[in-house]
1. Which residue, MET17, MET216, MET145, tops the fluctuation ranking in a GNM of the chain built on C-alpha contacts under 10 Å?
2. Explain nothing, just compute: Karplus ³J(HN,Hα) = 6.51 cos²θ - 1.76 cosθ + 1.60, θ = phi - 60°, for every residue of the range 286-292 in order, whole Hz, x for Gly and Pro.
3. Can you work out D for the chain in µm² s⁻¹ from Stokes-Einstein, where Rh is the Kirkwood radius over C-alpha pairs, the temperature is 10 °C and the viscosity is 1.306 mPa s?
4. Compute the distance in nm between two label points, each set 7 Å from the Cα along the Cα-to-Cβ direction, one at VAL55 and one at ASN367.
5. Nearest-5 percent of antiparallel DSSP beta bridges in the range 194-268?
6. I need to check one value: relative contact order of the range 75-180, counting alpha carbon pairs closer than 8 Å and at least 6 residues apart, in percent.
7. Against the longest alpha carbon principal axis of the chain, how many degrees, from 0 to 90 and to the nearest 10, is the axis of helix 120-129 turned?
8. What net charge do the residues around HIS192 carry, taking every other residue with its C-beta under 14 Å from that of HIS192, with Lys and Arg at +1 and Asp and Glu at -1?
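Throughout, read-outs are computed from the coordinates displayed, never taken from laboratory work. Predicted, not measured: the structure shown is a model, and the values here were computed from it. Backbone-built Cβ (ideal geometry, glycine too); neighbour counts: all protein chains shown.
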Amino acid sequence: MDLTELRQRIDAIDAQMVELFEQRMDICRQVAEYKIAAGKNVLDKSREAQKLEKVRSLASDEFNGFCVVELFEQIMSMSRKLQYRLLMENGRLEKLPFISVDALDVGKARVVFQGAEGAYSQAAMTQYFGESIDSFHVDSFRDAMDAIDEGSADFAVLPIENSTAGIVSEIYDLLQEYENYIVGEQIIKIEHCLLGVPGAKIEDIRTVYSHPQSLMQSAKYLSVQDWRQISMQNNAFAAKKVADDGDKSQAAIASEHAGAVYGLEVLQRKVNHSGTNSTRFIIVSGQKIFRRDAGKIAICFEVPHESGSLYHMLSHFIYNHLNMTKIESRPIEDRNWEYRFFIDFEGNLADSAVKNALRGLREEARNMKILGNY
């Protein structure tokens, strides 16, 4: 047979497969109606495992058996998604424990940021809340989360990602650990300066202090200097140390604002090599709330340590036409080589497509948590 005839035979088989697929999905719809009436869960792992083993045994060889299992995994995944949609249409989707609000109540709010006066977190806070906001600062990110838990702060401002240096991994871990939620974000441009005590010159510098990410962001500038580099917990702390020590051989890499706060002089502007360097800060609250106009959702979940498990989780976004904008992974403590995934996607918790996707993820993933809608 020539190629045209072979393709015609494939087309005929494909038409039969589509017809049989639609018959199967119609039966799946009836199964869903039964489960709705009986209050049964959509996912039945033992039944699916038995089914996959059965279809594998029907194949004529090992390769075809592998392919048939992959095909039926997809078919069963589509069946579950159909059933989740029917559950939603019948009002059987679980209600999400988040309350929508027109705007955040910041009139009498108290805000905490990590670092010291002059930190970039403070700049992000004032841009988001305004100059007159009641605020205080703490030494660590965990201290900021604790402040919300203890009720001494209503909101926390925390850096979660830099366009050059990447994610702040500790923030991801704390979001999973604490019952605090993202309710907003603020992006600010980062422009690092080399700061020294009054009267100091660049040729006087022997030691430079800054946060590890800021040192990395300024690596090109620092590579031509024979300076000792010392990491600090925060850029503002670095500026404060240089000011307190009063040593002309010391400099800090921090914002110009931090230099003004601590009475330092700018020895060199724009020492970070990227002109588009920006940091994204999140606004965190202890309340499960989201603005009605929120357009981004953050979640995290774990997956079974099995081939294809992450792929099946991500298929819920595809099926519900949701645009995933970010995915990160973090190792799970005390479970070697297993990971927790953090995902951002576009949507609002009030959207039916979002509810449908989250229902599927909650049933099929491990420890799925909504981190916020903002």
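1. MET17
2. Computed from phi, the couplings for the range 286-292 are x, 9, 8, 10, 8, 6, 4 Hz.
3. 66 µm²/s
4. 3.2 nm
5. 45 percent
6. Details: 103 pairs, mean separation 25.5, N = 106.
Over the range 75-180, the number comes to 24 percent.
7. Its long axis makes an angle of about 70 degrees.
8. On the way: positive: LYS189, LYS220, ARG269, LYS270; negative: GLU191, GLU256.
Around HIS192, the surrounding residues sum to +2.
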